[in-house]
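Down below is the structure, laid out as structure tokens.
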Amino acid sequence: MANITGERGTEPTTTRRAVLEAAGAGSAMGALATLFSTGVAADTTPQEANGSDDLFDVNRTSESVYPQSVASGGPTPDGAIVWTRVDEAAYEGDTPVGLQVTPAPERTTPNDAADFTTRDTRHFRIPGTDLTPDSDYALSVDLAGELDADRFYFYRFVYDGDASPAGRLRTLPAPDADPDRLRLACASCNNYLDGYYGAFGHIASEDVDYLVHLGDFIYEYAGEGAQPGRDIQLPSGKDVAHTLADFRSLHRTYRADEHMQSALERHTLVMTWDDHEIVNNRWWNYEESYPNTASHPFGDDPEKMRKLYAEGIKALTEYLPFRVEYDSDADRLHDSFTLYRSFQFGQLAELFMTDERFYRSPPPEDELGQRDVAAPPSRAADDPDRTMLGTEQRQWLVDGVTESPATWKLWGNSVLNAALKTTNLGESGSFYVNYDAWDGYEHERKLIMGELKREARARGSALDLITLTGDMHAYVAAYTKTDYRAPDEQPPFPDAESSRVGVEFMSPGVSSNSLGSSTPTPPTLEEDAVEAAVESQNPHVEWFNWSRNGYTTIEFTDDESVYTAYEVDRTVDAADAPKRLLRSYRVPSGEVRIQELNGSQTDVSSVVSEATGDDAESALPEAVRDD
């Protein structure tokens, strides 16, 4: 469930109950009341407690009482949100919930070694009235203001004598701190039906600071799974979510997976959404003020789509620990409910997580009125009235990146920003693959990149902008640019580098189908041909692999950032599923330059079993090649 805050990254000013009251009491915005008529998750306030209270008497550690285990997210310099869910069968009415939080002795201390008997352990009481059927027995506790900056902590819940598995959280560094490094695991696109979550098992073992999820945490689909044990049946009996009960059932199913649980138990989550958390390829119909899509039976019914949207959001905020801003005094709907925010990792890096669904206008239509497919190519992709971010969020992003004191500026971006063209024939002959991505919002992309490029020129140096992206179930290393059409700004012309703004690294699907899984040819034969075809029409793309599943890591120091891509076999339901190092790229600070770390693709399964913390970086060669 979400935490409702005032300004982004500040202390809470408006409670979730205020949201419910505003939605039900005729607020200034009728559209908001309609959209959130189902309400969002109820507020939860921790109360300091005495450790000798029998509330903290533990009879056993019980996975059955906590079938979705625990998770943390929304880190701040003085806290984070911790989450759990109690099974309905274990629910005891107004019985309070205990929460214990203790500093982790070392970064490498495993969760099962957490000691909640130390004198440094903090104890909190959660009123039983905050654990209710209204939020599907899910519970979120905001520890903002309770913890020290830049620390790992263990935590667990205690309910009626049953302790949850121990989780680990990490707070953010203080804004003026100067960390030596920041290492992130990046993931996206976890279609439960398509495969297993071995990638999350490996992420759990990675020595990273935070887990960044770039969208499509759940999918709205039901049906027969591609692997044994991956079938989904919804309460409605439909093959796509139609009701709040459907969305809750999906979240319960996804979060019951042991490998996803292990990753969320170990790492604090920083996330944004994409489309599938509610419905595929969704946008906002500004003319009639409702969320629209061509991918759901309710798509053209404003009333049903508003209800579907609200129920999807309610389930999402119940089940995931992330921060949501609510402004009851806002005059416009899109100013009242805000997911986008930034995370500052001291002076080393600042991450801007954008919301690319709530504000977006419709993608461009082709001559047949189609939006979800790429052909035929007659589109008004450069329409100046088309937006993905909305005016306020766009300016927030530009101002944030240009004014940030951090060395590295990171953009957590749901859909591919760099162009992906089927033909590269200049102004009138460049056609794109995916108009649901930034290629369908060309004018706004140029606005953003133009502003950032002007700032870089004024400084006389690169902005050190790294864009982290999900969505396409692919690995991509590419340059972000101000212009992808002009022939004189592409290789081999001397001005080819003049329009570069930064670097984009994409994370693949954890389990979702890729091109390789949708074609009969073996990935090893197909991926080289696809990469060659893509790069021939997109000279700004250094690597493109649409054939495999897995995850990525990216590490930042003052001198460089290093992106590493791993393949994990989604057909193996194991925490040690076969894993392979695919590529690694380096970006020197102060430059817009991608350097490939030399070396062949490597099977790191043996390294995984030998290296501490699943750290396969020792398999990476030091030599680099400029691209």
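The values are calculated or read from the model by the stated rules, or taken from the named source; none is laboratory data. This is a predicted model, so every value here is computed, not measured. No Cβ is skipped: glycine too gets one built from the backbone with ideal geometry, and neighbour counts run over all protein chains shown. The accessibility values were calculated without ligands, DNA or RNA, using every heavy atom of the protein model including side chains. Shrake-Rupley method; radii C 1.70, N 1.55, O 1.52, S 1.80 Å.
Here are some notes:
Results for (1) more than 20 Å from SER135 (Cα to Cα); (2) of a type in the set (Val, Ile, Thr); (3) at pLDDT below 95, shown as yes or no for each residue.
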site: ASP246; (1), (2), (3): no, no, no
site: SER249; (1), (2), (3): no, no, no
site: TYR254; (1), (2), (3): no, no, no
site: HIS259; (1), (2), (3): yes, no, no
site: GLU265; (1), (2), (3): yes, no, no
site: VAL279; (1), (2), (3): yes, yes, no
site: ALA310; (1), (2), (3): no, no, yes
site: THR317; (1), (2), (3): no, yes, yes
site: ARG323; (1), (2), (3): no, no, yes
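- On the stretch given as segment 93-105, residues that are more than 30 Å from GLN344 (Cβ to Cβ) and either under 26 Å from the mean Cα position of the chain (by Cα) or modelled with pLDDT of 95 or more (or both) total 4.
- Failed item, numbered, when GLY145 is tested on (1) open to solvent by 10 Å² or more (accessible area, probe 1.4 Å); (2) among the small types (Gly, Ala, Ser); (3) under 19 Å from the mean Cα position of the chain (by Cα): (3)
- For ASP436, the conditions (1) open to solvent by 20 Å² or more (accessible area, probe 1.4 Å); (2) touching a residue at least 24 places away in the same chain (Cβ under 8 Å) all hold with the exception of (1).
Table: residues versus (1) under 22 Å from GLU497 (Cβ atoms); (2) modelled with pLDDT under 95.
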site	(1), (2)
VAL568	no, no
THR571	no, no
ARG583	yes, no
GLU591	yes, no
VAL604	no, yes
GLY613	no, yes
GLU617	no, yes
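- Filtered by the rule that a residue be part of a loop (DSSP other than H, G, I, E, B) and surrounded by fewer than 19 Cβ atoms within 10 Å (Cβ to Cβ), segment 122-136 gives PRO127, THR132.
- Some residue of segment 97-109 being closer than 26 Å to THR253 by Cα and open to solvent by 20 Å² or more (accessible area, probe 1.4 Å): no
- For the criterion of being touching a Cys at 6+ places or on another chain (Cβ under 7 Å) and touching a residue at least 12 places away in the same chain (Cβ under 8 Å), VAL208 fails.
- Residues that are open to solvent by 10 Å² or more (accessible area, probe 1.4 Å) and assigned to a loop (DSSP other than H, G, I, E, B) within segment 209-224 comprise ALA222, GLU224, listed in sequence order.
- Considering residues of segment 497-542 that are in contact with a helix residue (DSSP H, G or I) (Cβ under 7 Å, 6 or more places away or on another chain) and in a strand (DSSP E or B) only, the residue nearest to GLY470 (Cα to Cα): VAL541
- Residue identified as in contact (Cβ under 8 Å) with a residue 12 or more places away in the chain, more than 21 Å from LEU468 (Cβ to Cβ) and either in a loop (DSSP other than H, G, I, E, B) or not hydrophobic (A, V, I, L, M, F, W, C) (or both) among THR402, THR423: THR423
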